[in-house]
Each structure stands twice: as C-alpha cells, then as structure tokens.
Amino acid sequence: MSINKKLIITEAQRGLLFRDQQFVKILPPGVYRLWDWLNRYRLQIVTITAPLQQTVGDDLLNLAQLHPKAFAPYLQLWETSDMEAGLVYQNGTLKDIKAPGQQGAYWKTQNTIRIEKIDIGAQPALPKPLATQLANAKDEILRKAALNAVAFFNIPDQHIGFLAVDNEIRAALSAGIHAWWRFNHCPTLTLFDLRLQNMEVNGQEILTKDRVSLRVNLSATWQIREPEKTRAELADAKEFLYRELQLALRTVVSTQTLDELLADKNSLNRQILEIATAKASAYGIEVKSVGARDIVLPGEMKAILTQVVEAQKMAEANLIKRQEETQATRSLHNTAKVMEGNPILLRLKELEALEKITARINTLNVYGGLDSVMNGMVKLIDKTNPA
C-alpha cells in the first residue's frame, strides 16, 4: 500500500530526514511530498528561532560530527581546548562566553556567528577594553556568562590590590577595573587603603604607678606607606595597630602617677606615639598622631579628686584674700602717715566720709547748726591763714 506524505518545513525550522533510523539529509524550508511504501521514513523538525540556538551535548551534535559534509552548510561547530575560552560574537557583537574543554554548534542563519578563542594559560588577565565591556554588559546571556567566567576587581582611587591566583601573588593592581579568568584558577584579591585613616582605641582599665585605676580613650591617625611589606608581614594591619596602641598605652600609664598624667597629657601622647611608631614602621605603617581623648576615673576617685581641687581653690582664694587685706592695710598706714602732719587733709578726709554717709540717708538732723559742723575746719583755716 502506497502512502503519500506531505512535509512542510517553515523558515524557522530545519528538517532531519531519516530512513530506517539512518540519517539521510537535511531539508531546508519548503513543502515536500514523500512516497513511503513501508513507513520507513521519519522527519525530525528542529526550530532555530531561539537566539544563539545551540546543540551542545545532544544527539544532533553527534550526528553532525558523523556527517560533517551534510551539516556544513547548516551548522557551525565549535570546540575549545582545556586552556582556551571562547568569545561568541553575533554580527560583530559579543554575546556569550564558552568555557574550556567544551564543544557545541550553532545553526547558520541570517546572523553571522564567530567564535574567538583565547589562550587563558598565556593570558590569564583580560585586556582592559574587554574587562570594561564585560563588567558593564547589559545583555542577560552575556552578563550571566561573564559572572561565571570572569573575576572582576574594582580598585578605588588611593587603593592598591594584590591579586593572588591559586594562592600565589601574581600582580599589584592600581585603581580601575581589572578582570581575570576564573577557568582553571581561583583568583582572590587583598585590598589596601592608602589614604590617611583614623582609629579609635576604646577605654580599658589600667593601673597607674600609684595604683589608681583609670580608663583612657585614644584616637590615632595612620597610613600605609609600604603596602608590599604590610601584606607580606601582617594578616590584618588594623588589628595589629590596634593591639600595639593598647600595649603602648598600658606601658606608659603604668609608669606614671595620676598627677603626672593629669598634669601633662601631651607627654602621654608623645610617649605612646614614639612606641607605636617604632613598632608599626617595621611593617610599612606610619602612625601620624596619637591623642588621649579623655581620661575616665572611677566614681570614688573622681569624688576625692573633686574635693582636692576644691580645697586647693579655697586655699588659693584665702591666700589672695589675705594678700589683698595686707595691701589695703599697708595703704591705710601710708595714708595715716601723710595725714599725721597735715590737719587740713585730715579734715577733708572727714568731710569726704561725711559726704558718703549723707548720700545714703534721707534725713539728716544737725544739732548746734552748721556752725558746729564747720567750726573745726574754720578754726583750722584761721590757724593756717592768720589775719
């Protein structure tokens, strides 16, 4: 019995014709009629409308490798070695990244596909233009592929980064965007801030030389000057400096009395700075300044110190008062000596005192008349000016 089969293949499809389960050929778009007497033919329809249609790992790729001449006009094969990464360009635009040791195929359409292979063994770092392009990729396929294939390192201004690949330092990275292939490697970055930084050392209980417990809060400014030495010698630069400032603070406070510390805080700062600078400079760190923000005393000691200060101020006040009284007495004594030989000056002083008294009262009663008030002065005048 004859069977007339009608086969329709659209522009977005390709047909794979099989006879007795054996591949015969690829059918391009069109309408076909096939006489199949014994139902020996089978048509497999493949849709190629998806962007970058890929057949990696399926039976079609194996079939294309078995029949390269038949598939050559329709399918573009690609393959990367163990030390190669593939950049997939569609119409000249980067669209995807292929990992090493992979293979696949793309259907040939109106879009031109080009695979550019990169030796990631010889060039583990991506060129700057490519790194920038991948870091700012907008296409979803390319963005996901870039995140899986590339390690991006964005170094801020006034920073330096040390790149380690498989735990081996490979480069010191300056400010900017840097990218390294993840394939076959494990890149990591250690970042150092080269700007002037501030560190606060929280208060800790310390005993002074005279066994007084107090708490001192420090503030320090520091800067990494030799990042290579700092990276090689220290696991954590901040933790190291914090500990050294604590130890320096304890060393200085324990060798001074409370009165010495309170009398000259600048001396405390200078001594701590000298000790910390000597330790930090050996690891490429410069300590710029150290300052004691505050010295906190226990409650009982604070009350005692307040009483001492109060007693000192009272003693100073009493001393000043006595000095003023002595000065006033000496001045009175000098005035009395001057008046002793000058009765008119004495009488004028009496009248001056009388004026001050009368200025403070509302009513003044005079007995004997004004003559009795002025009599002494008139007599004095008469004695000094005889007619």
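Let's see how each residue does on (1) in contact with a Lys or Arg (Cβ under 9 Å, 6 or more places away or on another chain); (2) open to solvent by 20 Å² or more (accessible area, probe 1.4 Å); (3) part of a strand (DSSP E or B):
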{"position": "Asp210", "(1), (2), (3)": "no, yes, no"}
{"position": "Trp222", "(1), (2), (3)": "yes, no, yes"}
{"position": "Glu228", "(1), (2), (3)": "no, yes, no"}
{"position": "Tyr242", "(1), (2), (3)": "no, yes, no"}
{"position": "Thr255", "(1), (2), (3)": "yes, yes, no"}
{"position": "Leu262", "(1), (2), (3)": "no, yes, no"}
{"position": "Glu274", "(1), (2), (3)": "no, yes, no"}
{"position": "Asp294", "(1), (2), (3)": "yes, yes, yes"}
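Could you check, for region 78-90, whether at least one of its residues is open to solvent by 30 Å² or more (accessible area, probe 1.4 Å), part of a strand (DSSP E or B), at pLDDT 90 or above and of a type in the set (A, V, I, L, M, F, W, C)?
No, region 78-90 contains no residue that is open to solvent by 30 Å² or more (accessible area, probe 1.4 Å), part of a strand (DSSP E or B), at pLDDT 90 or above and of a type in the set (A, V, I, L, M, F, W, C).
Do the conditions hold for Ala164, that is, is it closer than 30 Å to Arg225 by Cα, open to solvent by less than 20 Å² (accessible area, probe 1.4 Å), aliphatic (A, V, I, L, M) and in contact (Cβ under 8 Å) with a residue 40 or more places away in the chain? Show your work before the answer.
Working: closer than 30 Å to Arg225 by Cα: yes; open to solvent by less than 20 Å² (accessible area, probe 1.4 Å): yes; aliphatic (A, V, I, L, M): yes; in contact (Cβ under 8 Å) with a residue 40 or more places away in the chain: no.
Criteria not met by Ala164.
With respect to Ala70, is the statement that it is of a type in the set (Gly, Ala, Ser), in contact with a strand residue (DSSP E or B) (Cβ under 7 Å, 6 or more places away or on another chain) and crowded, with 18+ Cβ neighbours inside 10 Å true? Walk me through it before giving the result.
Numbers: of a type in the set (Gly, Ala, Ser): yes; in contact with a strand residue (DSSP E or B) (Cβ under 7 Å, 6 or more places away or on another chain): yes; crowded, with 18+ Cβ neighbours inside 10 Å: no.
The answer is no for Ala70.
Just need a number here: residues in region 12-43 that are within 25 Å of Asn111 (Cα to Cα), buried (at least 16 other Cβ atoms within 10 Å of the Cβ) and either in contact with a His (Cβ under 8 Å, 6 or more places away or on another chain) or among the charged types (D, E, K, R) (or both).
1
Quick check, is Arg114 at pLDDT 90 or above and farther than 21 Å from Gly176 by Cα?
On the way: at pLDDT 90 or above: yes; farther than 21 Å from Gly176 by Cα: yes.
Answer is yes for this residue.
Only residues that are open to solvent by less than 50 Å² (accessible area, probe 1.4 Å) and either in contact with an Asp or Glu (Cβ under 9 Å, 6 or more places away or on another chain) or in a loop (DSSP other than H, G, I, E, B) (or both): list them for region 177-202, please. Can you show your working first?
Taking region 177-202 first, the residues open to solvent by less than 50 Å² (accessible area, probe 1.4 Å) are 178-181, 183, 187, 192-194, 197, 199, 201.
Hits for region 177-202 are Phe183, Pro187, Leu194.
Is there a residue in region 114-124 that is acidic (Asp, Glu) and closer than 18 Å to Val150 by Cβ? Spell out how you get there, then give the answer.
Pass one, region 114-124, residues acidic (Asp, Glu): 116, 119.
Applying the additional criterion that residues be closer than 18 Å to Val150 by Cβ yields 116, 119.
Looking for residues that are acidic (Asp, Glu) and closer than 18 Å to Val150 by Cβ, one finds at least one in region 114-124, hence yes.
Yes/no matrix, rows are residues, columns are (1) touching a Leu at 6+ places or on another chain (Cβ under 7 Å); (2) under 21 Å from Leu61 (Cβ atoms); (3) at pLDDT below 90:
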site	(1), (2), (3)
Asn4	no, no, yes
Ala12	no, yes, yes
Pro28	no, yes, no
Asp36	no, no, yes
Thr47	no, yes, yes
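Is there a residue being in a strand (DSSP E or B) and farther than 21 Å from Tyr74 by Cβ anywhere in region 99-115? Reasoning before the result, please.
Taking region 99-115 and keeping what is in a strand (DSSP E or B), we get 103-107, 113-115.
Applying the additional criterion that residues be farther than 21 Å from Tyr74 by Cβ yields none.
No, the conditions are met nowhere in region 99-115.
Which ones in region 91-101 are out of contact with any helix residue (DSSP H, G or I) (no Cβ under 9 Å at 6 or more places or on another chain) and open to solvent by less than 30 Å² (accessible area, probe 1.4 Å)?
Selection gives Pro100 alone.
Kindly list the number of the only condition in (1) at pLDDT below 80; (2) open to solvent by 100 Å² or more (accessible area, probe 1.4 Å); (3) in a helix (DSSP H, G or I) that fails for Gln323.
Just one mismatch for Gln323, condition (1).
The values are calculated or read from the model by the stated rules, or taken from the named source; none is laboratory data. Quick caveat, the model's predicted, so the values are computed rather than measured. Note that each Cβ is placed from the backbone with ideal geometry, even for glycine, and that neighbours are counted across all protein chains shown. Ligands, DNA and RNA are excluded from the accessible area calculation, which covers all protein heavy atoms including side chains. Shrake-Rupley method; radii C 1.70, N 1.55, O 1.52, S 1.80 Å.
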